[in-house]
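Undergrad: The structure follows.
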Amino acid sequence: MYKMVAIDLDGTLLNSYGIVTNNSKEILKKVIEKGVDIILASGRPIDSINTISREIGANKYFIAGNGAIIYDMQKEETIYEKYMTKEKVLEIIKLCEENSISYNIYTETTILAKALKYNVLYYHKENLKKEENKRTNIKLVDNLEEYIKNSSGEKFVKITVCDNNKYVFQSIIKKIRKISNIEVLDVLHMSRKVIKQGTEDVPIEYFYTEISLKNVDKWEALKVIAEKMNIKEEEIIAIGDNINDKEMIQNAGLGIVMKGSTPVVTDIADYVTDTNNSEGVAKALEKFCLN
C-alpha cells in the first residue's frame, strides 16, 4: 500500500488557470481520509504553497523552492533549507542584466521581479482571484541588483530566467552554466498558461529555467520527510510533469507523469495519467489509492 503521494503544482495538480478543481479536492480528501499523506512539492515560495496545501486539506509538510525548503505546517516553520548565497545571486543577476533577459528572484516567502511578465504575470492574475492573505507575495523592484546588495536577512531560494525567444534563451543558459556551484534545470519545452483578460482567455507562453544551489531537488527533500514519517521509498507515489520532478518520479515507488509532459520524465515514468486540465492527478489517485 502506498502511504505518501508527492504532487507537483503547476502543470500537474493545478489546471491552466491555476485552480484545483472541486472534484480533485474531493478525491484528495478521500485519499487523506484513507491515511495516505499528501505532500505538495513545488518550485513556488512558501506562502503560495501553504495556501494551496491548506485548501486541499494536506496539513503536515510541503516542499518549496524545488527542494530547497521543507516547511512544517503544524509548527509553522522551515525545518530544512538549502539557500543560495547573496554573492551567487548577484553573479547571476549581473549576467542577466548584461544580456537584457528577464529574471525573478525567489526568497523564502516572496518573488522579487522588475515587472509583471511571464510567470510573475501569471501569479499576479492568480492573486486577483484570491483573498489577500492567500496570495503569492510579489514585490516589484526597479533595481534588483542594488536591492540584493543592500538586503539583510533575505534567504534566496532560486532564480527563474524567462524569455519568449528560444535562441535568446538558449544563449543565456549556456553562459549561466559556466557559473560554479549552481543547478540549472534543463527545461526543454515552453511553459504554456492561460490568464483571463475580461472575458477572453489569453495564453502566456515562454521558455524558462530555474537556478538553485547545487544538489537541490525535490526527491532529496522528500526523503527527509519520509524518514521523519517512517515511510519507505517504495511506499511513495510521485506525480509531476517537468524536469524538476525527474528525481522524485525516477526514485519513488511509483512515478506518474501527466499526459503531454516533457519526454525526459515521460520516458522514466511508471504510468502516464491524463492532462492537468483533465484532472489527471485525481484520476491517478483514484486508480492507485482508492481502488
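The values are calculated or read from the model by the stated rules, or taken from the named source; none is laboratory data. Since we're looking at a predicted model, the values are computed, not measured. No Cβ is skipped: glycine too gets one built from the backbone with ideal geometry, and neighbour counts run over all protein chains shown.
Undergrad: Looking only at the range 53-77, which residues are over 23 Å from K139 (Cβ atoms), small (G, A, S), surrounded by 15 or more Cβ atoms within 10 Å (Cβ to Cβ) and touching a Lys or Arg at 6+ places or on another chain (Cβ under 8 Å)?
TA: G67, the sole residue that qualifies.
Undergrad: Give the residue that is farthest from K174 (Cα to Cα), with candidates limited to residues of the range 79-95 that are of a type in the set (V, I, T) and crowded, with 17+ Cβ neighbours inside 10 Å. Steps first, please.
TA: To start, the set of residues in the range 79-95 that are of a type in the set (V, I, T) comprises 79, 85, 89, 92-93.
Now narrow it down to the ones that are crowded, with 17+ Cβ neighbours inside 10 Å: 89, 92-93.
On the way: V89: 17, I92: 12, I93: 15 Å.
In this case the residue turns out to be V89.
Undergrad: Got a sec? Which of K114, K29 is out of contact with any strand residue (DSSP E or B) (no Cβ under 8 Å at 6 or more places or on another chain), among the basic types (K, R) and at pLDDT 95 or above?
TA: Working: K114 fails: out of contact with any strand residue (DSSP E or B) (no Cβ under 8 Å at 6 or more places or on another chain).
Residue meeting the stated conditions: K29.
Undergrad: Now a separate question. Can you pull out the strands (runs of 3 or more DSSP E) entirely within the range 37-93 that have at least 2 residues that are assigned by TED's automatic domain parsing to the domain that holds L13 and closer than 16 Å to T12 by Cα?
TA: 37-41, 61-64
Undergrad: Show the residue pairs meeting these rules: Cβ distance below 7 Å; 6+ apart or different chains; first residue within the range 242-271 and free of Cβ contacts under 8 Å to residues at least 12 places away in the same chain; second residue surrounded by fewer than 24 Cβ atoms within 10 Å (Cβ to Cβ).
TA: T266/V272
Undergrad: While we're looking at this one, here's another question. Have a look at S261, S212 and point out the one that is of a type in the set (S, T, N, Q) and in a strand (DSSP E or B).
TA: The unique qualifying residue is S212.
Undergrad: Now for a different question. Which of the residues that make up the range 124-142 are in contact with a Lys or Arg (Cβ under 8 Å, 6 or more places away or on another chain) and of a type outside the set (D, E, K, R)?
TA: Scanning the range 124-142 gives N127, T136, L140, V141.
Undergrad: I'd like to check something: does the range 156-164 contain any residue that is of a type in the set (K, R) and closer than 30 Å to I236 by Cβ?
TA: Yes, the conditions are met somewhere in the range 156-164.
Undergrad: Could I ask something else about it? Which of the following residues is at positive phi and in contact with a strand residue (DSSP E or B) (Cβ under 9 Å, 6 or more places away or on another chain): N66, N127? Outline the logic, then answer.
TA: On the way: N127 fails: at positive phi.
After applying the criteria, what remains is N66.
Undergrad: Looking at the structure I just gave you, is I204 in a strand (DSSP E or B), of a type outside the set (S, T, Y) and more than 23 Å from S16 (Cβ to Cβ)? Give the steps one after another, and end with the answer.
TA: On the way: in a strand (DSSP E or B): yes; of a type outside the set (S, T, Y): yes; more than 23 Å from S16 (Cβ to Cβ): no.
Here the answer is no, as I204 does not meet what is asked.
Undergrad: Further question: May I ask you to list the residues in the range 36-52 that are of a type in the set (S, T, Y) and buried (at least 24 other Cβ atoms within 10 Å of the Cβ)? Even if it seems obvious, please write down each step before you answer.
TA: Keep residues of the range 36-52 that are of a type in the set (S, T, Y), which gives 42, 48, 51.
Passing the criteria: S42, S48.
Undergrad: In a strand (DSSP E or B) and either not assigned by TED's automatic domain parsing to the domain that holds N164 or not β-branched (V, I, T) (or both): which single residue out of Y103, Y123 fits that description?
TA: The match here is Y103.
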